[in-house]
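Trainee: Submitted below is the structure of interest, expressed as structure tokens.
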Amino acid sequence: MDKKPWSRFRAGVYSILFRTPKTNRTLVDLAGLTETDRVLDIGCGPGAAVRMAAEIAAESVGVDRAQPMVDIARRRSRGLDNVRFEVGAAETLPFPDGAFTVVWAAHSFHHWEDRRAGLAEVSRVLADGGRLLILEEDGKKHGLNDAQAATVRADMSELGFGVVKSEK
């Protein structure tokens, strides 16, 4: 979890440096979105992946703990009717049960304060037959190491996520 709060300045700099990471397109492709999907991006930052998903999905929603990031995402998404952004954390998602068919966290899962609680919340907001994608770096300083990834897979299995696959 980030110890330092996201100021407007910090969020602005981040949103310029990481405006549209290439991994966003990879994530959207891996999700196999259809026009009936309802997508939730946890830790959406400036919202690039949310906007990409909105090109295909019926609804695309981003949630981020940092109000300045949500403000940037909203500004960049003006005019998109099937996109919205909310302030919130993975552990306390502000959405009803079964609201989404696809949930993902791209480069944000390692920042979750309580990963198991966040996974339980994802399970709650994910519709039956829905899918969760977690995209993380394999690293010592940023992302998840092998032991942490194994714990995540075990937690997902215990929480009833069904088939859990991991790729490098």
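Trainee: With all protein chains present, how much of the accessible area of segment 82-156 (probe radius 1.4 Å) comes from carbon and sulfur, to the nearest whole percent? List each step's numbers first, then the result.
Mentor: Details: 1760 of 3540 Å².
In segment 82-156, the share of accessible area belonging to carbon and sulfur is 50 percent.
Trainee: How big is the Rg/Rh ratio for segment 48-92, C-alpha atoms only, Rh by Kirkwood, two decimals?
Mentor: 0.96
Trainee: Using the Cα gyration tensor of segment 18-78, with a ≥ b ≥ c the square roots of its eigenvalues, what is the shape: rounded (a/c below 1.5), prolate (a/b larger than b/c) or oblate (neither)?
Mentor: prolate
Trainee: Ok, one more. Within 10 Å, Cβ to Cβ, of Ala49, how many net charges do the neighbouring residues add up to if Lys/Arg are +1 and Asp/Glu are -1?
Mentor: Summing Lys/Arg as +1 and Asp/Glu as -1 gives +1.
Trainee: A further question on this structure: What is the spin-label model distance, in nm, from Glu137 to Leu159 if the labels are put 7 Å beyond Cα along the C-beta direction?
Mentor: 2.4
Trainee: State in Å² the accessible area per residue of segment 74-164; use a 1.4 Å probe, count heavy atoms of protein chains only, and round to the nearest integer.
Mentor: So segment 74-164 comes to 54 Å² accessible per residue, rounded to a whole number.
Trainee: To continue, here is another question. Please work out the C-alpha center-to-center distance from segment 102-157 to segment 69-93 and express it in whole Å.
Mentor: 20
Trainee: Mind listing which GluC sites (Glu not before Pro) in segment 25-62 are in a DSSP loop and have 10 or fewer other Cβ atoms within 10 Å?
Mentor: Glu35
Trainee: Next question. Hey, what D do you get for segment 79-168 in µm²/s if you plug the Kirkwood alpha-carbon radius into Stokes-Einstein at 25 °C and 0.890 mPa s? Numbers along the way, then the final one.
Mentor: Working: Rh = 13.9 Å.
Answer from the Stokes-Einstein relation: 177 µm²/s.
The values are calculated or read from the model by the stated rules, or taken from the named source; none is laboratory data. Bear in mind the structure is a predicted one, so any value in this text is a computation, not a measurement. Here the Cβ is made from the backbone with ideal geometry for all residues, glycine too, and neighbour counts use every protein chain on show. All accessible areas refer to the heavy atoms of the entire protein, side chains included, with ligands and DNA or RNA removed. Shrake-Rupley method; radii C 1.70, N 1.55, O 1.52, S 1.80 Å.
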